[in-house]
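Encoded as structure tokens, the structure appears first; notes follow it.
The values are calculated or read from the model by the stated rules, or taken from the named source; none is laboratory data. In this text the structure is predicted, and so the values were computed from the model without any measurement. Here the Cβ is made from the backbone with ideal geometry for all residues, glycine too, and neighbour counts use every protein chain on show. What goes into the accessible areas is simple: the full protein's heavy atoms, side chains included, and nothing from ligands, DNA or RNA. Shrake-Rupley method; radii C 1.70, N 1.55, O 1.52, S 1.80 Å.
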Amino acid sequence: MNRQDYRAAFDAVDFSADFEERTLQKLAAVRQASEKEQIIMPMNRVKKTALLIAAAVALLAVSVSAAVVWLTPAQVADRVEEPLLAEAFQSEDAIVLDESVTAGDYQITLAGMVSGEDLSVPTDYNGEIINDRTYAVFRVARADGEPLTDYPNLSYSPLVDGYHVRCVNAWTLGTTTQQFIEDGVIYCLFDCRNLEMFADHPVRFAIYEGGIPNTDLFSMAEDGTISLRESVVGALFTLPLDESKADPAAAQAFVESTGLVWEPVTDAELAAREQEAAGADTLESLCGVNYRSYIVETITMQMENRMEKDPEVVYFPIREDRPLTDYAAIDETTAFTVDEDGSIVITFPAGTVTDAAHGQQTFRLPQP
């Protein structure tokens, strides 16, 4: 019998509300009777022994059933030594969820959440301390009831409908996590920048197999709704945030501060981009299969000519007698344009092939 079946069997027993108190009183009465009656019949001794054993077993059943009850969010906060947060999880501002989803081999449960300022020990995230945060507690157990002994390869991330999954996620929101395993169950305390500023949008919480959120893991519909791809093992919860606490100006300022594209991209738009890219010119289509050699040789020759005309601009590959590819990638990732004369234009950022003081360096290559 696995752990879940074991617990279900005990929970099915219909104990009365005063069962434990009556049992303890009975045990006390038996003990007093035993002290008063030193000489008793063997049959009475057998009956009393049976009564004691039955009571002990019943009490054990109650104890075992209670032992498999999950830790509350407040207890999880206590376990990781966050007393202020433990208190917050017991306040009226806390939201008790206890929503469970079975995903692959796991049962994933979002237990509860709370948001606010100065609820935990301040955390430095990339040099910035953000005290106004959202905290969520979730647990992961095996769906078959067997105990977990190690942490599975799962990622945890908030996502917000209407924003690109690459822009608003755990990696951009300054996330920290604290987790531990107890009785074969993983408990995790997750915190990030306060999500209430997005409360006028549906805010999701994703627990899934994979890395940084991207369009291979999540899809975005025309109305901005985010979903897990069918091929991805995981769960996607919706957080019940108070819409009145939304701060659209703060939300917009945040997404713009990331420097990332924040508008969602639908599958139809992705398909159109892929189709456009499939028909676009590449260095190989313009220069042939040996395009790397051609580009390296041509740019190296141009560097030598420029140094003869202007000795103050010294190119690293020439000065150090090393190939251009030691300083810049020449492959399918190389950015280029084609000018109106049909020449290939490649620009290296400042400091790549010569001193940064000389700025970016542009080279024009005729198509072979």
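A few notes on this one:
- Whichever residue in the range 332-345 is open to solvent by less than 40 Å² (accessible area, probe 1.4 Å) and polar (S, T, N, Q) and, among such residues, is modelled with the lowest pLDDT: THR334
- The sole residue among SER231, SER219, SER227 that is within 27 Å of ASN153 (Cα to Cα), in a loop (DSSP other than H, G, I, E, B) and not aromatic (Phe, Trp, Tyr) is SER231.
- Scanning the range 192-212 for residues that are in contact with a helix residue (DSSP H, G or I) (Cβ under 6 Å, 6 or more places away or on another chain) and either in contact (Cβ under 8 Å) with a residue 60 or more places away in the chain or surrounded by 19 or more Cβ atoms within 10 Å (Cβ to Cβ) (or both) yields a total of 5.
- Failed item in (1) within 29 Å of VAL76 (Cα to Cα); (2) without any contact (Cβ under 8 Å) to a residue 60 or more places away in the chain; (3) aliphatic (A, V, I, L, M), with MET220 passing the rest: (1)
- Residue check for THR215: free of Cβ contacts under 8 Å to residues at least 60 places away in the same chain and not charged (D, E, K, R): yes
- Test: residue in the range 248-256 that is in contact with a strand residue (DSSP E or B) (Cβ under 7 Å, 6 or more places away or on another chain) and of a type in the set (A, V, I, L, M): no
- Once the range 105-135 is narrowed to residues that are free of Cβ contacts under 8 Å to residues at least 40 places away in the same chain and aliphatic (A, V, I, L, M), the residue that is surrounded by the fewest Cβ atoms within 10 Å (Cβ to Cβ) is ILE129.
Residues are listed down the side, and each one gets a yes or a no for (1) surrounded by 15 or more Cβ atoms within 10 Å (Cβ to Cβ); (2) touching a Leu at 6+ places or on another chain (Cβ under 7 Å):
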{"site": "PHE254", "(1), (2)": "yes, no"}
{"site": "ILE295", "(1), (2)": "yes, yes"}
{"site": "GLU320", "(1), (2)": "no, no"}
{"site": "PRO323", "(1), (2)": "no, no"}
{"site": "ILE330", "(1), (2)": "yes, yes"}
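- Annotation note: of LEU189, LEU173, the sole residue that is open to solvent by less than 20 Å² (accessible area, probe 1.4 Å), within 23 Å of GLU243 (Cα to Cα) and of a type in the set (A, V, I, L, M) is LEU173.
- Residue match in the range 265-274 (condition: open to solvent by 50 Å² or more (accessible area, probe 1.4 Å), over 30 Å from ASN169 (Cα atoms) and of a type in the set (A, V, I, L, M, F, W, C)): no
- Filter result for ASP267 (at pLDDT below 95 and within 18 Å of the chain's Cα centre (by Cα)): no
- Per-region count, the range 224-252, residues under 22 Å from the mean Cα position of the chain (by Cα), among the small types (Gly, Ala, Ser) and open to solvent by less than 40 Å² (accessible area, probe 1.4 Å): 4
- Index of the failed condition, ASP281 passing every other in (1) surrounded by fewer than 16 Cβ atoms within 10 Å (Cβ to Cβ); (2) within 22 Å of ALA350 (Cβ to Cβ); (3) touching a strand residue (DSSP E or B) at 6+ places or on another chain (Cβ under 9 Å): (2)
- Of residues in the range 144-170 being open to solvent by 40 Å² or more (accessible area, probe 1.4 Å) and more than 12 Å from the chain's Cα centre (by Cα), the one nearest to PRO248 (Cα to Cα): ARG166
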